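These notes are about the structure you will find just below.
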Amino acid sequence: SVAQVHFATITDRQGRVREVAVKVLRPDMLPVIEKDLSLMHMMAGWVEKLSDDGKRLKPREVVAEFDRHLHDELDLIREASSAAQLKRNMEGFDLVLIPEMYWDFCRPEVLVMERMKGIAISQVKQLRDAGVDIKKLASDGVTIFFTQVFRDGFFHADMHPGNIQVSLEPATFGRYILLDFGIIGSLTAVDKEYLAQNFTAFFRRDY
């Protein structure tokens, strides 16, 4: 991980005390990443030259994509902006919670956001025991993702279990909580049309 998360309290402009999560970049990450990426670029070039299969897999393009996402993750202001955009897009959509960013405290190397409390999506037994409807949860997850992809063309692209929780708070019970906005995907209208055609073919088993 390029960052660590710590919990704290702050006083906002209205004098209210807020519980927050503070994401801090690990020190001196850029030189380490640049060194590793340089090695990966070199190896990708070798793979393309030495093997026909290597060319087909486009290793240099894969490493270039990895390079771009890693550098994006080193700018926490960019991450905060992505989170804020996603929160605006999902406003009024009662299936998902996205933390508020506290901009007065955010810097390229520090991100301060509302602390979210929930159960990791991978803790299925704990969620069942708490009374969460797992079938509805699965359906809501698909709805959230497809809405982000096909309606907005702007979606959370790092949705592994560590970044997804479920709220057990009475007012928001059963809603998804999204965390970590370092990798966000965006799609053009052409991209969305292409993806929709592929999904339709897949659902119809028209391979």
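The values are calculated or read from the model by the stated rules, or taken from the named source; none is laboratory data. Keep in mind that this is a model prediction, so the values were computed, not measured. Here the Cβ is made from the backbone with ideal geometry for all residues, glycine too, and neighbour counts use every protein chain on show. Accessible surface areas use protein heavy atoms only, side chains included; no ligands, DNA or RNA. Shrake-Rupley method; radii C 1.70, N 1.55, O 1.52, S 1.80 Å.
If you take the residues in region 143-187 that are polar (S, T, N, Q) and either closer than 21 Å to D133 by Cα or part of a helix (DSSP H, G or I) (or both), which one is most open to solvent (accessible area, probe 1.4 Å)?
Taking region 143-187 and keeping what is polar (S, T, N, Q), we get 143, 147-148, 163, 165, 167, 172, 186.
Okay, now just the ones that are also either closer than 21 Å to D133 by Cα or part of a helix (DSSP H, G or I) (or both), so 143, 147-148, 163, 165, 167, 172.
Values: T143: 58, T147: 24, Q148: 0, N163: 10, Q165: 37, S167: 1, T172: 29 Å².
If we take residues in region 143-187 being polar (S, T, N, Q) and either closer than 21 Å to D133 by Cα or part of a helix (DSSP H, G or I) (or both), then T143 is most open to solvent (accessible area, probe 1.4 Å).
Considering only region 170-193, state which residues are of a type outside the set (G, A, S) and under 17 Å from the mean Cα position of the chain (by Cα).
Once the filter is applied, which keeps residues that are of a type outside the set (G, A, S) and under 17 Å from the mean Cα position of the chain (by Cα), region 170-193 yields R175, Y176, I177, L178, L179, D180, F181, I183, I184, L187.
Would you check if there is a residue in region 55-64 being open to solvent by 30 Å² or more (accessible area, probe 1.4 Å) and of a type in the set (V, I, T)? Break it down into steps so the answer makes sense when it comes.
To start, the set of residues in region 55-64 that are open to solvent by 30 Å² or more (accessible area, probe 1.4 Å) comprises 55-58, 60-62, 64.
Those still in the list that are of a type in the set (V, I, T) too: 62.
Within region 55-64 (the criterion being open to solvent by 30 Å² or more (accessible area, probe 1.4 Å) and of a type in the set (V, I, T)), the answer is yes, since at least one residue qualifies.
Residue pairs, Cβ under 8 Å, 6 or more apart or interchain, first in region 11-28 and among the hydroxyl-bearing types (S, T, Y), second surrounded by 10 or more Cβ atoms within 10 Å (Cβ to Cβ). List them.
Going by the 8 Å Cβ cut-off, the qualifying pairs are T11/R18.
Could you count how many residues in region 134-145 are in contact with a helix residue (DSSP H, G or I) (Cβ under 9 Å, 6 or more places away or on another chain) and under 18 Å from F93 (Cβ atoms)?
Kept after step one, since they are in contact with a helix residue (DSSP H, G or I) (Cβ under 9 Å, 6 or more places away or on another chain), are these residues of region 134-145: 134, 137.
Subset that is under 18 Å from F93 (Cβ atoms): 137.
Residues meeting the conditions: 1.
Could you tell me whether any residue of region 115-126 is surrounded by fewer than 17 Cβ atoms within 10 Å (Cβ to Cβ), in a helix (DSSP H, G or I), modelled with pLDDT of 95 or more and out of contact with any helix residue (DSSP H, G or I) (no Cβ under 9 Å at 6 or more places or on another chain)?
Checked against the condition, which is being surrounded by fewer than 17 Cβ atoms within 10 Å (Cβ to Cβ), in a helix (DSSP H, G or I), modelled with pLDDT of 95 or more and out of contact with any helix residue (DSSP H, G or I) (no Cβ under 9 Å at 6 or more places or on another chain), region 115-126 yields at least one hit.
Okay, residues lined up against (1) surrounded by 13 or more Cβ atoms within 10 Å (Cβ to Cβ); (2) in contact with a helix residue (DSSP H, G or I) (Cβ under 9 Å, 6 or more places away or on another chain); (3) in a strand (DSSP E or B):
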site	(1), (2), (3)
Q14	no, no, no
G45	yes, yes, no
R78	yes, yes, no
S81	yes, no, no
A84	yes, yes, no
D94	no, yes, no
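Out of L70, L111, which single residue is open to solvent by less than 60 Å² (accessible area, probe 1.4 Å), in contact (Cβ under 8 Å) with a residue 60 or more places away in the chain and in a strand (DSSP E or B)? Lay out the reasoning, then the answer.
Numbers: L70 fails: in a strand (DSSP E or B).
Of L70, L111, the one residue that is open to solvent by less than 60 Å² (accessible area, probe 1.4 Å), in contact (Cβ under 8 Å) with a residue 60 or more places away in the chain and in a strand (DSSP E or B) is L111.
Would you say R151 is within 25 Å of K23 (Cβ to Cβ), charged (D, E, K, R) and within 19 Å of the chain's Cα centre (by Cα)? Spell out the reasoning first.
Details: within 25 Å of K23 (Cβ to Cβ): no; charged (D, E, K, R): yes; within 19 Å of the chain's Cα centre (by Cα): yes.
Considered against the rule, which asks whether it is within 25 Å of K23 (Cβ to Cβ), charged (D, E, K, R) and within 19 Å of the chain's Cα centre (by Cα), R151 comes out as no.
One line per residue, one yes/no per condition, for (1) closer than 21 Å to V2 by Cα; (2) touching a residue at least 12 places away in the same chain (Cβ under 8 Å); (3) not charged (D, E, K, R):
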residue: L76; (1), (2), (3): yes, yes, yes
residue: A83; (1), (2), (3): yes, yes, yes
residue: N89; (1), (2), (3): no, yes, yes
residue: E100; (1), (2), (3): no, yes, no
residue: C106; (1), (2), (3): yes, yes, yes
residue: D129; (1), (2), (3): no, no, no
residue: K135; (1), (2), (3): no, no, no
residue: V142; (1), (2), (3): no, no, yes
